[in-house]
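Asks: Just passing along the structure, written as structure tokens.
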Amino acid sequence: MNVAPVVLQTARARVELLPALGGSVVRFTWDGRDVLRPAPAGTREVLDTGNFALVPFCNRIRDGRFSFGGHDVALAPNLGDHPHALHGQAWRGAWTVVSASETEAVLAFDHAPGEWPWAWRAEQRFVLGDHGLRQDLTVTNTGAEPMPVGLGFHPYFPARDGERLQAGVTGVWLIDDDCLPTTRVEGLWRSDWAAGAPTAVSELIDNCYTGWNGVATLSAPGGASTTLTASPDCRWLHVYSPPGADFVCAEPVANRPDPFNGQDSGIKVLAPGETASVWMNVSSS
């Protein structure tokens, strides 16, 4: 695997991308501070990186199975012995570099029909500027049949001492032992993210929060704050905070987990040649 990074840089910020490792962000610093969790040197595991794209669906599909458009789809597990397929195909694949300059890069991933029986092309555009790192994710249906699509991002943020997350959410999906959604609850449940709450937890949080207003802020005493904003199509914020972890994930997503079971899941249907897009901006202040 060619592990040469693509580097974007300004006077204040530096971003390193690894196209061959899921098109991931392996480091993003602002004024020398790690805004995203830095990946270990030489890593070959995308789950150790700072951010990767979710395409053509976000989170889990129950047992990797669903039916759509006359296809009975069966996706193989892609996270060890966990039985439920996660995050699509591109995060475990190699992306190609379409273009790269000092402050902007475009990566692409082409998928041929297989277990996922539709052809598609995804592109990520990274732009590093005065207002942070902007990441646009698009997917185009390059096949001859309508295709279901959900897009999102999976950023990991360093969990500093006293780290708090504030996000404008109004409800949450409760989960079972396999982290699949069971019941939607309106209002406060455990951590009050809307008011701001510590990211350090004693019980696992791996939940999809509803009613998100597209803004989330991470802050710690005496340190700079990180602000995440995302496009309106990212109606859900998925928070992943394991007990004792040195990171917290706040993931803007356009579909909720297990999106082929239940209504109002966020899944779109793309006609042949049609494109869907989402964006995310991460800034430090």
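Asks: Give the range 2-33 a look and list any residue that's buried (at least 19 other Cβ atoms within 10 Å of the Cβ), of a type in the set (D, E, K, R) and touching an Asp or Glu at 6+ places or on another chain (Cβ under 9 Å), or say none.
Replies: Hit for the range 2-33 is R27, nothing else.
Asks: Determine the pairs where a residue that is under 16 Å from D130 (Cα atoms), located within the range 13-42, has a partner that is buried (at least 23 other Cβ atoms within 10 Å of the Cβ) and among the aromatic types (F, W, Y) with Cβ atoms under 6 Å apart, the partner being 6 or more residues away or on another chain.
Replies: These pairs meet every condition: V15/F28; V35/F28.
Asks: Mind counting the residues in the range 269-285 that are surrounded by fewer than 17 Cβ atoms within 10 Å (Cβ to Cβ) and among the hydrophobic types (A, V, I, L, M, F, W, C)?
Replies: Total satisfying the criteria: 2.
For every residue, the table says whether it meets (1) surrounded by 17 or more Cβ atoms within 10 Å (Cβ to Cβ); (2) part of a loop (DSSP other than H, G, I, E, B).
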residue: R121; (1), (2): no, no
residue: L137; (1), (2): yes, no
residue: A144; (1), (2): no, yes
residue: P148; (1), (2): yes, no
residue: R160; (1), (2): yes, yes
residue: C179; (1), (2): yes, yes
residue: T182; (1), (2): no, no
residue: P221; (1), (2): no, yes
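Asks: Got a sec? Which of G266, G244, G262 is on the phi > 0 side of the Ramachandran plot and buried (at least 16 other Cβ atoms within 10 Å of the Cβ)?
Replies: Step by step, each of G266, G244, G262 is checked, and only G266 is on the phi > 0 side of the Ramachandran plot and buried (at least 16 other Cβ atoms within 10 Å of the Cβ).
Asks: Out of all the residues in the range 41-90, which are more than 24 Å from I175 (Cα to Cα), at pLDDT below 95 and either among the hydroxyl-bearing types (S, T, Y) or touching a helix residue (DSSP H, G or I) at 6+ places or on another chain (Cβ under 9 Å) (or both)?
Replies: Passing the criteria: only T43.
Asks: For the range 1-95, give me every one of the strands (runs of 3 or more DSSP E) that falls completely inside it and has 1 or more residues that are among the charged types (D, E, K, R) and either touching a strand residue (DSSP E or B) at 6+ places or on another chain (Cβ under 8 Å) or more than 25 Å from A220 (Cβ to Cβ) (or both).
Replies: 13-18, 24-30, 65-68, 71-74
Asks: When the range 188-215 is examined, which residues are found to be under 27 Å from D177 (Cβ atoms), at pLDDT 95 or above and either basic (K, R) or assigned to a strand (DSSP E or B) (or both)?
Replies: A197, P198, I205, D206, N207, C208, Y209, T210
The values are calculated or read from the model by the stated rules, or taken from the named source; none is laboratory data. All of these numbers come straight from a predicted model, not from anything done at the bench. All Cβ positions, glycine included, derive from the backbone under ideal geometry; neighbour counts span all protein chains shown.
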